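The values are calculated or read from the model by the stated rules, or taken from the named source; none is laboratory data. What you are looking at is a predicted structure, and each value in this text was computed from that prediction instead of being measured. Cβ placement follows ideal geometry from the backbone for every residue including glycine, while neighbour counts extend to all protein chains displayed.
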């Protein structure tokens, strides 16, 4: 069930009404309903993979107890069991075919030819997210940050809560579980905030991301025949498409969770207003970045054991983060590009710069220097997205080459200028909202507010009927 | 809670009313038909003829072909044009081997996957009885279908706008292109294969082809059917039954037939699917059509 499908808009009000009117007496009633709804939501796509979700949940629930109750060495054993179990699920369903194919190619170089069988199953949706939920839970118990949950339903809901089941944000046990265990009461302000976030998320997905996709797909699918300017427009278009798509998804997820009385972690804080790459990573897919920081980078020693180890750890984190996105070399290269871009900042100790407020937080416009810094960061990120978008590293290289070498027929780019029609308003609205990503700033006049609601809803409805409706990009991860 | 639900319900009701109002007013203010009194030749059909015939080269003509248009919609569009304009003397209509396949039926009655269904493009222009038929056919996906109708009525900017509206027009974005055997196989499979068996020939297409012929005969309009070029590899793989059925249509004495399917063109004159022409191919075929109609 997609957030931008009509089924979801039938499903959501039903669950909402049942939640607040029928199952509202205790937290466990509320949780049981949400758990059933979440399994229904997931099973709508594939009931077979519900078994995988349930097994993964049960195992981590058990490991949590194992880690908490065992003596130190045993505790580590259960932690490793959880890691092996979760990474094992990922290895089989997400990476098996990739590794086998690479192994086959490697042997071919040595003139050894084998034909191993591939499993070729559809990637279970949300697998990268719910396995990370499970691991973070067991990790936190191991580190003494929390105790295991006594109630299986509470834990199962933490792993499978439908707004974040498919594409996150990747929640932390310490943040979400206390909310799961407490009874939620309806808050009008929270529900209205949630409604606004859903509306804004839908606008970003349906109006901006899906419209940009029409242009971007056309450019990327036939990039060898396009002019340099068109290729630049395509790359910029994809940067904003993936941002509108994923942050739109996150807004809908966050808004939906608010309707049920939950607050989720932030995932995006206007990443394209970052002044360097380190700031970008503090603002883009924050829940994943901080997950890797807390459960991989820091346990490996982080930056506390000298520059050499910090460089190694940074490369490992970026490469694994790239690989997390998909079993393909282009994602690894994408991670590698970011690692390389991060190095000058790390080596000159400027990676902790701009950790506070967003650019021009107290001013209307950025300074010329800030503008240049933002443009530089955006350009770097946009070039890296080319490798993310195209399957095959060679294609990415050819695309970038094309930007600097395809100068015939510049008029062709006019056909794709519509990209700017969607990009410019998004930049302007984001700039206006930039001080708080969770709070859609609102006008004080109810009449103007309602007019804006109506206009936005009408535009969303019109664009929903566009030629193509696309899945969320991050569903494939 | 009550306050929240009241507000949401009010908002949704208001929204529904606004959508209806916008729809009706935009529909009413729709620009007049481009088929004006100066036009005496209509070029109709689907993407094959839309991409093949540049109407700028043929005086007093208008290409109104639309990507994926089935003959059911072509018939209704022709009836729509003839009811408002009596200057039409000639209809040039695309009809290829693919036109006989049931692959063309699906978006008439909502069986096509919603995202590929272009029937909403025609909704506002259909007679009430056909509107009802279309709406009922799409009942299972009615919210999305109505959004599509609303979308096409407003026609907000979108990349494919040039090819995805009721009046269509010559549109060929394939400046650099080349035939591909692999893509042609996909195309052949889509058109003529149904899970390993030969796809049935379409009854709907046959009925509306007959209706179009009858309508033109009744209105004393010359109907010229055009088979646009296809790559030799494509033609070789068209099932025999389709070729025989096509040959029977060609013998109909009420129609003039222009068969360009086997004119020699190089690979760059085709799209990768081997079944449509590129800009280069369109130049050739448009010129040939102009010569034939002189």
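Okay, here's what the table says:
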{"item": "Where residue A:179 falls short, out of the listed (1) in contact (Cβ under 8 Å) with a residue 60 or more places away in the chain; (2) touching a helix residue (DSSP H, G or I) at 6+ places or on another chain (Cβ under 7 Å)", "result": "(2)"}
{"item": "Residue match in segment A:89-108 (condition: outside any helix (DSSP H, G or I), assigned by TED's automatic domain parsing to the domain that holds residue A:131, touching a helix residue (DSSP H, G or I) at 6+ places or on another chain (Cβ under 8 Å) and surrounded by fewer than 15 Cβ atoms within 10 Å (Cβ to Cβ))", "result": "no"}
{"item": "Qualifying residue in segment A:266-282 (condition: more than 28 Å from residue A:372 (Cα to Cα) and buried (at least 17 other Cβ atoms within 10 Å of the Cβ))", "result": "no"}
{"item": "Single match in A:6, A:16 (criterion: more than 25 Å from residue A:137 (Cα to Cα), modelled with pLDDT of 95 or more and within 14 Å of chain B (Cβ to nearest Cβ))", "result": "A:16"}
{"item": "Single match in B:220, B:165, B:189 (criterion: in a loop (DSSP other than H, G, I, E, B), farther than 30 Å from residue A:456 by Cα and out of contact with any strand residue (DSSP E or B) (no Cβ under 7 Å at 6 or more places or on another chain))", "result": "B:220"}
{"item": "Options A:198, A:242, A:208: the member that is in contact (Cβ under 8 Å) with a residue 40 or more places away in the chain, in a helix (DSSP H, G or I), within 23 Å of residue A:24 (Cβ to Cβ) and within 19 Å of the chain's Cα centre (by Cα)", "result": "A:198"}
{"item": "Residue within segment A:331-348 that is closer than 30 Å to residue B:176 by Cα, within 21 Å of the chain's Cα centre (by Cα) and either free of Cβ contacts under 8 Å to residues at least 24 places away in the same chain or assigned to a loop (DSSP other than H, G, I, E, B) (or both) present", "result": "no"}
{"item": "Matching residues in segment A:380-414 - criterion: being in a helix (DSSP H, G or I), within 14 Å of chain B (Cβ to nearest Cβ) and either at pLDDT 85 or above or surrounded by fewer than 15 Cβ atoms within 10 Å (Cβ to Cβ) (or both)", "result": "A:402, A:410, A:411, A:414"}
{"item": "Residue match in segment A:225-233 (condition: outside the structural domain of residue A:160 (by TED's automatic domain parsing), closer than 15 Å to residue A:472 by Cβ and in contact with a helix residue (DSSP H, G or I) (Cβ under 7 Å, 6 or more places away or on another chain))", "result": "no"}
{"item": "Selection status of residue B:136, over 30 Å from residue B:274 (Cα atoms), away from chain A (no Cβ under 14 Å), surrounded by fewer than 18 Cβ atoms within 10 Å (Cβ to Cβ) and modelled with pLDDT under 90", "result": "yes"}
{"item": "Given (1) within 11 Å of another protein chain (Cβ to nearest Cβ); (2) touching a residue at least 60 places away in the same chain (Cβ under 8 Å), number of the condition residue A:235 does not satisfy", "result": "(1)"}
{"item": "Failed item in (1) loosely packed, with under 14 Cβ neighbours inside 10 Å; (2) modelled with pLDDT under 90; (3) away from every other protein chain (no Cβ under 14 Å); (4) assigned to a helix (DSSP H, G or I), with residue A:443 passing the rest", "result": "(4)"}
{"item": "Selection status of residue A:426, within 14 Å of chain B (Cβ to nearest Cβ) and either closer than 22 Å to residue A:195 by Cα or in a helix (DSSP H, G or I) (or both)", "result": "no"}
{"item": "Criterion (touching a helix residue (DSSP H, G or I) at 6+ places or on another chain (Cβ under 6 Å), on the phi < 0 side of the Ramachandran plot and not in a loop (DSSP other than H, G, I, E, B)) met by exactly one of B:179, B:234, B:171", "result": "B:234"}
{"item": "Condition broken by residue B:37, with the remaining ones in (1) under 27 Å from residue A:465 (Cβ atoms); (2) without any contact (Cβ under 8 Å) to a residue 60 or more places away in the chain satisfied", "result": "(1)"}
{"item": "Among (1) at pLDDT below 95; (2) assigned by TED's automatic domain parsing to the domain that holds residue A:82, the one test that residue A:1 misses", "result": "(2)"}
{"item": "Among the residues listed as A:172, A:146, A:196, the single one being in contact with a helix residue (DSSP H, G or I) (Cβ under 9 Å, 6 or more places away or on another chain) and either within 14 Å of chain B (Cβ to nearest Cβ) or on the phi > 0 side of the Ramachandran plot (or both)", "result": "A:196"}
{"item": "Residues of segment B:246-281 that turn out to be surrounded by fewer than 15 Cβ atoms within 10 Å (Cβ to Cβ), in contact (Cβ under 8 Å) with a residue 40 or more places away in the chain and touching a strand residue (DSSP E or B) at 6+ places or on another chain (Cβ under 9 Å), as a count", "result": "1"}
{"item": "Out of B:172, B:227, sole residue that is touching a strand residue (DSSP E or B) at 6+ places or on another chain (Cβ under 9 Å), touching a residue at least 12 places away in the same chain (Cβ under 8 Å) and within 14 Å of chain A (Cβ to nearest Cβ)", "result": "B:172"}
{"item": "Residues that are more than 22 Å from residue A:207 (Cβ to Cβ) and in a helix (DSSP H, G or I), drawn from segment B:124-155", "result": "B:128, B:129, B:130, B:131, B:132, B:133, B:134, B:135, B:136, B:137, B:139, B:140"}
{"item": "Single unsatisfied condition, residue A:220 versus (1) within 14 Å of chain B (Cβ to nearest Cβ); (2) in contact with a helix residue (DSSP H, G or I) (Cβ under 8 Å, 6 or more places away or on another chain); (3) without any contact (Cβ under 8 Å) to a residue 40 or more places away in the chain", "result": "(3)"}
{"item": "Within segment B:195-210, tally of residues that are in a helix (DSSP H, G or I), farther than 13 Å from residue B:70 by Cα and in contact with a helix residue (DSSP H, G or I) (Cβ under 9 Å, 6 or more places away or on another chain)", "result": "0"}
